[in-house]
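In what follows, a structure is listed as structure tokens, so that the remarks can point back to it.
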Amino acid sequence: MTLAERLGAYLSRTSGSPTTIEALSRIPGGASRETYSFDAVTRGRREGFILRRDPAGSLIETDRRLEFLAIRSFAGKGVAAPEAILLEEQGGELERPFFIMSRVEGGVTGSPLAADPLGEHGGAIGKQFFSFLGKIAAEPIDDLPLRQAAVCPKQPDCWRRELDYWAGVIDADEQHPQPIVRAAIRRLYRTAPPPPAKIAVVHGDYRLGNFLHDGAGRILAILDWEMAHLGDPLEDLAWSMDPLWSHPGDGRISGMVPREEALAIWRRASGLDIDAAALAWWSLFASVKGQAIWTSAAKAWRDGGMVEPILAFSGWYTARRHDQILAERLVALGAL
């Protein structure tokens, strides 16, 4: 059976009505899920969906249940999360775990490689982008669906848990010496940040390229929740502002708004203050985390198990760019 036939069999069984799948197409890219767009036709009614299925091998080890529950946690919360519909943890007819969510129509993404990725609408999109991020940080966690699966760290332990994890990824996957990121890791361990004001949902990959907009200044959907967890909300803020996502010399965050405006928007939406020392720590950490991801990308490409061209690009250009960013930050901190 083809994938479309197996998916149709699954939806027919779970819905109790015969369902056929049309216009099934793979969406390229992605490091942790196979992503497909498809139409489901049931009793003459056609609906558009997105399938996120675990691949045979994955660059980033993530839990599809966490991703599903993170999306569901923010449905109707004013942050443009898509609707999470079905979760199949055993694989069923599709053999590997997957989930299905609603398809947002008519959206486009912006590329960090473009000099002006959002054009004249950058300012309007930036206001929404940082406001949504602040709303995610503001949301009380106790009653969220994500709380069913996510481990809640103690406030003083947020930084160490994340740094231990991503430093461990580099230990496991690096294939050549990386003195710059190693210097940054040593610096981070020596200078723990102040604990967060609260434990919040951390999207984990909140940045340009991971949202859809309508081309006219409105964000339609925040995507790629697979790295969501509970932790310090400044982790998300620092990652979203990493220089990797911005064109050098622009003066705006990802072609959207200047840094100080972004911080002011986030403060208003989150209701939280920003400790300068904590944000500086998480900003250095963000580039270490990025380098860990690119290290895994390079290994996956060289080992031959994953052949997405983005992996080769990540192991080359983005890794070298993050080396530069890390070196500049370490020099500014007097650590080199």
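Read-outs: derived from the displayed coordinates by stated rules, not from any lab. These figures come from a predicted structure and were not determined experimentally. Note that we place each Cβ from the backbone using ideal geometry, even for glycine, and neighbour counts take in every protein chain shown.
The lysine pair tally for region 119-332, using Cα distances under 30 Å and a gap of 8 or more places or different chains, is 10.
In this simple spin-label model, placing a label point 7 Å from the Cα along the Cα-to-Cβ direction at both Asp171 and Leu113 gives a separation of 3.4 nm. Please list, by residue number, everything in region 195-228 whose backbone N is under 16 Å from a paramagnetic label point 7 Å out along Cα→Cβ of Arg267. Residues passing the 16 Å test: 197.
For region 3-18, the Karplus equation 6.51 cos²θ - 1.76 cosθ + 1.60, evaluated at θ = phi - 60°, returns couplings of 4, 4, 5, 5, 5, x, 5, 5, 5, 5, 5, 6, 8, x, 10, x Hz by residue, with Gly and Pro reported as x. Amide H contacts of Ala81 (H built 1.01 Å from N, in plane; Pro and chain starts excluded): Gly76, Ile222 sit under 5 Å, all sequence-distant by 5 or more or on other chains. Applied to region 181-190, the Karplus parametrisation 6.51 cos²θ - 1.76 cosθ + 1.60 on θ = phi - 60° returns per-residue 3J(HN,Hα) values of 5, 5, 5, 5, 4, 4, 4, 5, 5, 6 Hz, with x for Gly and Pro. Considering only alpha-carbon pairs that sit under 8 angstrom and 6 or more positions apart, the relative contact order computed for region 134-275 is 31 percent. Across the chain, the volume of the C-alpha convex hull divided among the residues equals 134 Å³ per residue. What the Cα convex hull of region 3-102 gives, in volume per residue, is 106 Å³. Remark on region 178-310: hydrodynamic radius 16.5 angstrom, per the Kirkwood mean of 1/r across alpha carbon pairs. By DSSP, the beta bridges lying fully in the chain are antiparallel in about 100 percent of cases.
Computed from label points 7 Å out along Cα-Cβ, the spacing between Arg26 and Glu120 is 3.9 nm.
Amide H contacts for Gly255 (H built 1.01 Å from N in the peptide plane; partners 5 or more residues away or on another chain; cut-off under 5 Å): His247.
Note that region 259-264 has calculated 3J(HN,Hα) couplings of 3, 5, 5, 4, 5, 5 Hz, one per residue in order, obtained from phi through the Karplus relation 6.51 cos²θ - 1.76 cosθ + 1.60 (θ = phi - 60°); glycine and proline are x. In this structure the amide hydrogen of Leu24, modeled in the peptide plane, comes within under 5 Å of the amide hydrogens of Asp39, none closer than 5 places in sequence on its chain.
Pull out a ≥ b ≥ c, the square roots of the eigenvalues of the alpha-carbon gyration tensor of region 86-143, then state rounded if a/c is under 1.5, prolate if not and a/b is larger than b/c, and oblate in the remaining case. It comes out oblate by the Cα gyration axes.
Remark: spin-label model distance Glu89-Ser15 equals 2.5 nm, labels positioned 7 Å along the Cα→Cβ axis.
Rounded, prolate or oblate: which fits region 99-252, taking a ≥ b ≥ c as square roots of the Cα gyration tensor eigenvalues, rounded meaning a/c under 1.5, else prolate when a/b beats b/c? It is oblate, given that a/c is not under 1.5 and a/b is not larger than b/c. The overall shape of region 142-200 is oblate: from the C-alpha gyration tensor, with semi-axes ordered a ≥ b ≥ c, the ratio a/c is 1.5 or greater and a/b is no larger than b/c.
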